[in-house]
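The values are calculated or read from the model by the stated rules, or taken from the named source; none is laboratory data. All of these numbers come straight from a predicted model, not from anything done at the bench. With ideal geometry, Cβ positions are generated from the backbone for all residues, glycine too; neighbour counts draw on all protein chains shown. Heads up: the accessible areas ignore ligands, DNA and RNA and are worked out on the full protein's heavy atoms, side chains in. Shrake-Rupley method; radii C 1.70, N 1.55, O 1.52, S 1.80 Å.
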Amino acid sequence: MNERRAVVAGIRELQAADQQWRTEHPELALPGALLDVITSCGFQYYAEHDVTDDLRFLDRAGELLKHAPSLVAPYWTSAATCIRRLAHEAEPLRADTGDLDAREALRRVLVEVPPDVLLGRRDEEASPVLVCRNEAIGLADGISTPYRCASRISALAYFSAPDRYGVIDEMVALRERYETSATERVELAESIRAGVRRYLEWSQAGT
């Protein structure tokens, strides 16, 4: 029991450190907000959380887009386009989230728009691919940390998401080692980055 508590406490410390890293990099606020929205919508495919979580992320990203300079990197430019379309399509459905049909219509918008804009697809594997691609690019572009990337991708294993390139299983193993082997974290961070680079190369070549 004590060992389990120690592991949980360690995970919380890592999560707090990740949030602190974000606080120390205000210049990444906008792409970080875009990253959050897209990954959150990807997990909404599994109804992992209430739609209000997605809407909160969406509102934050939308507000930042109003005041931030234009994004340069192609992926994040497309992500900004995605968020604007999401906000536009979600707006008329937000008024009555107490109505089950309206709430389901809103959920469908949140699930379908991001992979449609960013991947050009809406098939049953689109959402997990969206999460993997989004988080991988987030790490590769310096928008997030190795621990954040490995944690979000590995969370797909809980839903038995398809893992065509083996990146989910790889990130599960690396995340678990990162959480339990504090002395190896520098090397593990590099292993996560290397795994992400391979995944992006393979997946982009495959599409």
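Brief remarks on what is shown
- Accessible area per residue in Å² at 1.4 Å probe, computed on the range 135-207: 49 Å²
- Global geometry of the range 15-88, whether rounded, prolate or oblate, following the gyration tensor of its Cα atoms and the 1.5 cut on a/c: oblate
- Within the accessible surface of the chain, defined with a 1.4 Å probe on protein heavy atoms only, the carbon and sulfur portion equals 51 percent.
- Mean separation of Cα contacts under 8 Å (6+ apart) over length of the chain, as relative contact order %: 21 percent
- Relative contact order of the range 85-207, taken over Cα pairs closer than 8 Å and 6 or more residues apart, is 19 percent.
- Net lengthening on full extension, A16/R85 (0.36 nm per residue, minus Cα-Cα): 21.7 nm
- Förster radius 22 Å - calculated FRET efficiency between R197 and E176, Cβ distance, rounded to 0.05: 0.60
- The range 38-113 and the range 122-180 have their alpha-carbon centroids 20 Å apart.
- Charge dipole magnitude, Cβ of K and R +1, D and E -1 - the range 70-206, Cα centre, debye nearest 20: 320 debye
- Applying the criteria of a DSSP loop state and at most 13 other Cβ atoms within 10 Å to the GluC sites (Glu not before Pro) of the range 95-185 yields E124.
- Among the trypsin sites (Lys or Arg not before Pro) in the range 124-207, those located in a DSSP loop and surrounded by at most 16 other Cβ atoms within 10 Å of their own Cβ are R164.
- Dipole axis of the range 3-87 (+1 Lys, Arg; -1 Asp, Glu on Cβ), positive-most option in A68, G10, A47: A68
- Residue list for the range 8-48, given a label point 7 angstrom along the Cα-to-Cβ vector of R103 and an amide N cut-off under 16 Å: 44-48
- Option label - semi-axes √(5λ) of the Cα gyration tensor in Å computed here, alternatives (i) 28, 19, 18; (ii) 24, 19, 18; (iii) 33, 19, 14: (i)
- Shape analysis of the range 163-207 places it in the oblate category; the axes a ≥ b ≥ c from the Cα gyration tensor give an a/c of at least 1.5, with a/b not above b/c.
- Overall, the anisotropy analysis places the range 44-141 in the oblate class: the square-rooted eigenvalues a ≥ b ≥ c of its C-alpha gyration tensor yield a/c not less than 1.5, with a/b not exceeding b/c.
- Over the chain, dividing the summed -39,500 (n - 2.57) contributions of all DSSP H runs of at least 4 residues by the number of residues returns a 222 nm mean residue ellipticity of -24500 deg cm²/dmol.
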